[in-house]
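Working notes for the structure below.
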Amino acid sequence: MRRRRSAALLTLLAALSLVAAACGNNGGGDGKATTTTEGAKAVKGGTLVLGAEQEPDCADWISSCAGASWGTYTMGAQTMPRAFDLTPDAKTVPSSLLAGEPKLESGPPQKITYKINPKAVWSDGQPITSSDFKYTWDQIKNGSDIYDKTGYKDIASVDDSDPKTVVVTFTTPYAGWHDLFGGFYGVYPKHLLEGKDRNAEMKDGYKWSGGPWMIDHWTKGQEVALIPNPNYWGSKPNLDKAVFKFITDTAAESQAYKTGQIAMFYPQAQLELTQLFTLPNTKHDVNTSLSYEALWFNTAKDPLTDANVRQALAYATDRDAIVNSLFGPVQPGIKAINGFMTPGNKQWYTSEPFKKYKKDLTKVDELMKAAGYTKGADGMWAKGGKPATLAISTTAGNKRRELTEQLLQSQWKEAGFNLTTNNTKAGTLFGEWGPQGVFQIALYAQVPPSTDPGICSTFCSENIPTTANPSGQNWTRLASPAIDTPWKQVDKELDETKRKDLVEQGQKSLADALPGLPIDPFPDVLIYNSAKLNGPIGHNFAFGPFVNMNLWWCTGGNCG
Amino acid sequence: MLTFIVRRLAYSIPVIIIASALVFGFTRATTDPLARLAQSRDAAELLPRERHRLGLDKPLVTQYTRWAKDFVRGDWGQSFISRRDVKSEIRDKLGNTVQLIFWGILFSASIAIAVGVYSAARQYSALDYTFTGLSFLGLSMPVFWFALMAIQFLIYEPTVLFHLKQPIFLSVGLHSANDHSLVDYLRHLTLPVLTLSVQLVAGWSRYQRSSMLDVMSSDYIRTAKAKGVTRRKVLLKHGLRNALIPLTTVMAIDIGALFGGLIITEHIFAWPGMGRLFFDALLSGDTNMVLPWLMVTAVFIIGFNLLADVLYGVLDPRIRLS
């Protein structure tokens, strides 16, 4: 009897402690007021808990084990010093690491001179110097496991004779130089890494920093926690700690937000999110990102070898209707993109080239007849008794893409095309069907690593996969000098006005030759609790929305 | 007994070898660990270099035999994707899954036995019918749906209804950002354990009920009753003890399978365990992680199946293992 009473008492105590914990206060803060750059009153202290829908694989940002955007969002952008920042309106500006705009000499040879901010130091107090730039370049250029050597392999030398001046000399002109010593990589500390196995030192997280935050701990599968870098020379964080919880299931992440376990999250756009928009104290901000989805035509497969057929398909497609069905409720007024780029890339986007491709069945008839096709009794196009059969492939299980396929099937049927689906796993589509040209029409996204407009790797004829170059990225297999000329020049032209003209010319060539049809820009969605979280919260398409988290603060110094 | 155990273990070796070869073949055929690198602007140079570095350019048989030799020597290698040490990764995740399984089994077994005994003792009573209905509901309910409903109705709704500053239970991971106390751990543990237990309780309680009914209609129970032994003693000492024997073996088999089978529960509750590890590794084609995972899981399944057989012999002396 006594035992049973004790058990009951224990149960009651446990239940009470759970309720007490629920009613209690979590986190602290000294409540001291300060002023942010936004002019509003910031409060020091508190722990901010955020949702992260992907966990990075490793934290050695230049290595082939990295390359995931969420690595940059959660750790890289907060801890790695970088030469350039991206403004909310997608403009590249010198970061606080530099003392001003670098000096560009067109050459030849092309030369960039960076002046390092004298205040810039690593978290251990050691100054950030030109030797760190040189070490970074050396690791990337000569490393055996590097994710992307683009640009760095075109550098002939990095002069570090003056610790606060870096002179970079190129072998060939490289127009995308703004992405160097920044982007997803940053600058590496020579004094901490030289002579060591860089990857082993960094892959599981590192204790040094050249940004406003330091990695406190990264518990795999659970969370990564950041604490302020006491030696950061810019605005020091208001928060005591920021914790990213890895919640890889979107429905579970939404529930975690609803139940107050995370104060902010950055989900992939989907219709279900609209349910959260009406929650009390919830702010949502939706903007057009740099990523986009397109139809990719394999121009080596009939009937897509004929440009008339490709154009007829473009005129058979009501792209705005598709985009509206996919994202309209999340981002009202969203429109189809008119280039292989999105309006999010304000500096380079051009809205004209693909504008002509609106649903027009008369044009479809004209183009198909010009290609030698006639409509059969069943209303479907055929040539020499052979129907213009089409098959589309995308990543199986992706609901949004499957919905796009259904909409296309319906629209194209009306225009006289029978479209079947042939979906497969992402690994097969990107690992085999793309490089080997198995697909006929594919639907997938492009995620540009920066705002740089160069897309020669996707469309130039030299990048068509061959036996000698099996990993070429031009899976449309369209070889066209009209496309090659402007896009090759875009990668070399240093004058931005001329470069803009070349981009326009390149997009126009793509619209005419039509190796693919751009469809939807991805909305960039931020959802946060405005009763808990304050500060200049907004989008950053390269470094993620948390990049200026050092300026945020919790209401009353407590985000709990 | 020893001969039986050794023979069972020997039988399991070819099973493990065949299973690992099949998984290796299927994983390689359907996923590419380098697919994620296709987004690199430098993919043309990077992909062949990485393929060579990871040995993916070798014939499949060579890749498999090389992995198997290293594994047997105790070198479980590194993850293709994260380059983390596979052995320590699996050890960490196994520890987290064991926590879930331990509490889940404790909770499920207690409830299932109590419900089963009550239903058998009060057969065709209103509560028996209720438990039967609930069991079928539990068995037919998808785990992911139950988990999301549990979050909605045990976390969100009470928080809104009672204007709580924080929910009573939590659904993200093992602990909160600033709180590693036991209470916080229990707040995180409750819903995953509940989710894991729903189907176990439903299945085991039905099993316990039918087993109890079988035992209660036995001659020796009738004899005990005729001798004037109290109903409580008949039920618990003579009935329950014997009725537990088949349930024990079923539980042992189920527990073995749980070590690799909590994918959905771990996914929804962001619980960093074996199920989530397998899911992520399989999707990314990380055979270096998938195969040791399979080995560990297979060892548990085989071990617990063996335990079930051994326990059966130990608990019921009429059964001889030969």
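The values are calculated or read from the model by the stated rules, or taken from the named source; none is laboratory data. Please read these numbers as outputs of a predicted model, since none were measured by experiment. With ideal geometry, Cβ positions are generated from the backbone for all residues, glycine too; neighbour counts draw on all protein chains shown. Quick note on the areas: whole protein, heavy atoms, side chains included, nothing else; ligands and nucleic acids left out. Shrake-Rupley method; radii C 1.70, N 1.55, O 1.52, S 1.80 Å.
When only C-alpha pairs under 8 Å and at least 6 residues apart count, what is the relative contact order of chain B, in percent? Before the final figure, lay out each step's value.
On the way: 351 pairs, mean separation 84.0, N = 322.
That works out to 26 percent.
Quick one: of the DSSP bridges fully inside chain A, what percent are antiparallel, nearest 5? Of all bridge pairs located within chain A, approximately 80 percent are antiparallel. Eigenvalues of the alpha-carbon gyration tensor of the stretch B:207-322, scaled by 5 and square-rooted, set the equivalent ellipsoid semi-axes at 42, 17, 8 angstrom, largest first.
Rg over Rh for the stretch B:58-150 works out to 1.27, using Cα positions for both radii and the Kirkwood form for Rh. Report the paramagnetic label zone for A:Gln347: residues of the stretch A:142-175 whose backbone N is under 15 Å from a point 7 Å from Cα along the Cα-to-Cβ axis. What the label zone holds, given the 15 Å backbone N cut-off, is A:174-175.
Counted by Cβ distance under 13 Å from A:Leu276, the other residues give a net charge of -1, where Lys and Arg count +1 and Asp and Glu count -1. Relative to the longest principal axis of the Cα atoms of chain B, the long axis of helix B:60-72 makes an angle of roughly 60 degrees.
Which translational diffusion coefficient, to the nearest whole µm²/s, is obtained for the stretch B:2-321 from the Stokes-Einstein equation, given a Kirkwood hydrodynamic radius over C-alpha pairs, 37 °C and 0.692 mPa s?
Answer, rounded: 144 µm²/s.
Of the accessible area of chain A, computed with a 1.4 Å probe over protein heavy atoms only, carbon and sulfur atoms account for 51 percent.
Give the separation of the Cα centroids, the stretch A:534-549 to the stretch A:382-414, in Å. Centre-to-centre distance over Cα atoms comes out at 38 Å. For the pair B:Met141 and A:Gln275, a Förster radius of 22 Å applied to the C-beta separation gives a FRET efficiency near 0.45, rounded to the nearest 0.05. Computed with a 1.4 angstrom probe on protein heavy atoms, the A-B interface buries about 5100 square angstrom of accessible area in total. Across chain A, C-alpha contacts under 8 Å between residues 6 or more apart give a mean separation that, scaled by the residue count, equals a relative contact order of 21 percent. Entry comment: accessible area of the stretch B:2-321 is 48 Å² per residue, from protein heavy atoms only and a probe of 1.4 Å. Between 0 and 90 degrees, the angle of helix A:2-23 with respect to the longest Cα principal axis of chain A falls at about 70 degrees. Inter-chain Cβ neighbour count for B:175-184, averaged per residue, equals 6 (cutoff 10 Å, partner chain atoms only).
Does the protein assembly as shown come out rounded, prolate or oblate, given a ≥ b ≥ c as the square roots of the eigenvalues of its C-alpha gyration tensor, rounded meaning a/c under 1.5 and, failing that, prolate meaning a/b above b/c? Since a/c reaches 1.5 and a/b is larger than b/c, the shape of the protein assembly as shown is classed as prolate. Sequence-ordered 3J(HN,Hα) estimates for the stretch A:209-222 from the Karplus curve with 6.51, -1.76 and 1.60 and θ = phi - 60° stand at 7, x, x, x, 10, 10, 7, 7, 7, 10, 8, 4, x, 10 Hz, glycine and proline given as x.
Test of understanding: given chain B, find the longest segment containing no chymotrypsin sites (Phe, Trp or Tyr not before Pro) that are in a DSSP loop and have at most 14 other Cβ atoms within 10 Å.
Working: sites that count: B:Tyr124, B:Phe162.
It runs B:163-322.
If the chain linking B:Tyr185 and B:Leu2 were pulled fully straight, counting 0.36 nm for each residue of separation and taking away their Cα-Cα distance, it would gain 61.8 nm. Seen from every direction in turn and averaged, the convex hull around the alpha carbons of the stretch A:427-560 projects onto 11.7 nm². Residues whose amide H falls under 5 Å from that of A:Glu223, counting only those 5 or more places apart or on a different chain, are A:Phe246, with hydrogens built in the peptide plane. Here the Kirkwood formula, the inverse mean of 1/r across different C-alpha pairs, assigns the stretch B:218-278 a hydrodynamic radius of 14.5 Å. Sparse packing (at most 10 other Cβ atoms within 10 Å of the Cβ) combined with a DSSP loop state is found for the following trypsin sites (Lys or Arg not before Pro) in the stretch B:151-232: B:Lys227.
For a label point 7 Å from the Cα of B:Arg66 along Cα→C-beta, name the residues of the stretch B:1-29 whose backbone N is under 20 Å from it. Counting backbone N atoms under 20 Å from the label point, the list is B:20-29.
How shielded is A:472-485 by partner chains, expressed as the average number of their Cβ atoms within 10 Å of its Cβ atoms? Could the numbers behind the result be given before it?
Numbers: counts 3, 8, 0, 1, 0, 0, 0, 0, 0, 0, 0, 0, 0, 0.
The mean count of partner-chain Cβ atoms within 10 Å per residue comes to 1.
What is the stretch A:377-477's relative contact order, in percent, from Cα pairs under 8 angstrom and six or more apart in sequence?
25
Angle between the Cα long axis of helix B:274-283 and the longest principal axis of chain B, 0 to 90 degrees, nearest 10? Tilt relative to chain B: about 40 degrees.
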